[in-house]
Amino acid sequence: MIGPTGSTAVYCDPTYDSNPPTFTKNDAYSPNGSGLQGSCSEQASANGNISVDPMFSGATNFHVKAGSPIIGVGDVSAPDLPLSDLGGGPRIVNGEIDMGVYEYPH
């Protein structure tokens with residue numbers, strides 16, 4: 001989940017529901033901003049969540065570069081996990097999954 005520069009990537013408004021959704025193994029990132037805020041801010045560094053630059057290949061190219069911190073840290077037990085990534089490659093590689101829609105070539 002990527003927010004615009006200087007903003008919050010995800011804001012959970014406690015006005016609507018005091019019980020925020022549960023986030024597990026997500027990257028909520030905003031350049032010069034914050035990841036998870038509002039009633040979900042306690043989950044920012046819990047449950048495998050991170051807030052780091054995913055190192056995409058380009059502004060509209062969501063493949064990641066070598067060394068990306070989202071490689072191999074996704075949730076292989078996520079429900080309804082497809083067999084292939086968005087590009088048609090295998091979703092689980094060496095027993096691991098990347099965060100995002102494309103697997104980094106291992």
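Each reported figure results from applying straightforward, stated rules to the coordinates on display, with no laboratory input. These figures come from a predicted structure and were not determined experimentally. Note that each Cβ is placed from the backbone with ideal geometry, even for glycine, and that neighbours are counted across all protein chains shown.
At a glance:
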quantity: Calculated over segment 63-106: convex hull of Cα atoms, volume per residue (Å³); calculated: 64 Å³
quantity: Under 14 Å, Cβ to Cβ, from Asn47 - net charge with Lys/Arg +1 and Asp/Glu -1; calculated: -2
quantity: The chain: antiparallel DSSP beta bridges as a percent of all, rounded to 5; calculated: 35 percent
quantity: Gained length - Met55 relative to Glu42, 0.36 nm times residue gap less alpha-carbon distance; calculated: 2.2 nm
quantity: Residue-wise HN-Hα coupling along segment 57-74, computed from phi with Karplus coefficients 6.51, -1.76, 1.60 (Hz; x: Gly, Pro); calculated: 5, x, 4, 10, 10, 8, 6, 9, 7, 4, x, 4, x, 9, 6, x, 10, x
quantity: Residue-by-residue Karplus 3J(HN,Hα) for segment 93-103, coefficients 6.51, -1.76, 1.60, Hz, glycine and proline x; calculated: 10, 6, x, 10, 9, 8, 6, x, 9, 10, 7
quantity: Estimated inter-spin distance, Asn94 and Thr22, nm [label 7 Å along Cα→Cβ]; calculated: 3.0 nm
quantity: Neighbourhood charge, 15 Å Cβ-Cβ cut-off, centred on Pro20 and excluding it, Lys, Arg +1 and Asp, Glu -1; calculated: -3
quantity: Rg(Cα)/(2.2 N^0.38 Å) for the chain, N = residue count; calculated: 1.11
quantity: Net charge of neighbours whose Cβ lies under 13 Å from the Cβ of Val101, counting Lys and Arg as +1 and Asp and Glu as -1; calculated: -3
quantity: Within segment 63-106: Cβ-based charge dipole about Cα centre, in debye rounded to nearest 20 (Lys, Arg +1; Asp, Glu -1); calculated: 140 debye
